[in-house]
1. Could you grab me the full set of residues in region 63-102 that are within 16 Å of the chain's Cα centre (by Cα), of a type in the set (Asp, Glu) and more than 17 Å from Ala46 (Cα to Cα)?
2. Can Leu69 be described as under 20 Å from His100 (Cα atoms) and not in a strand (DSSP E or B)?
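Derivation of every value follows stated rules applied to the coordinates shown; laboratory data play no part. Please read these numbers as outputs of a predicted model, since none were measured by experiment.
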Amino acid sequence: MSRTAAFLILAMLGAPCASASAEDAYAATITIRDHRFEPAELHVPAGKRISLTVVNADPLSEEFDSTALKVEKVIAGKSQGVVHISPLSPGTYDFIGEYHEATAKGRVIAEQRTPAGRGQLGFVAANCKPRNSIAGQALFRPGRQLVRGAGRHFRCCRL
């Protein structure tokens, strides 16, 4: 009887830890359409586990494959699957659709996350290189960060 009680106590103590770790994962979605990944470039926070949902909109199967991310998963046509990725160091990690390597290519960019002002959360670019926007303003400069705006757009803010 005492073994059963001890097991139940340990199971109850472990349950909150399992749900807390699931909440810590960064969720992202990528779609395979016409043998291409959309978006082809996925920005994620460095140092967090990633739960990547891969939606295959094509009628044919595709294998999500990355030696850098240490994942392989076959996604049947017109279905989806979830790929779990361990925490990443800042950097770029390439992935391919192994069945259509010529067109199905993409990359995960892990960026260091820092808190933004005014209660928002933004990313600091892993490689702070100046890039010009349409308005001619340099983005990704040291001391600046990206803050999510409407939709998929980001704006550059000073730290």
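1. Answer for region 63-102, where residues must be within 16 Å of the chain's Cα centre (by Cα), of a type in the set (Asp, Glu) and more than 17 Å from Ala46 (Cα to Cα): Asp65, Glu72.
2. yes
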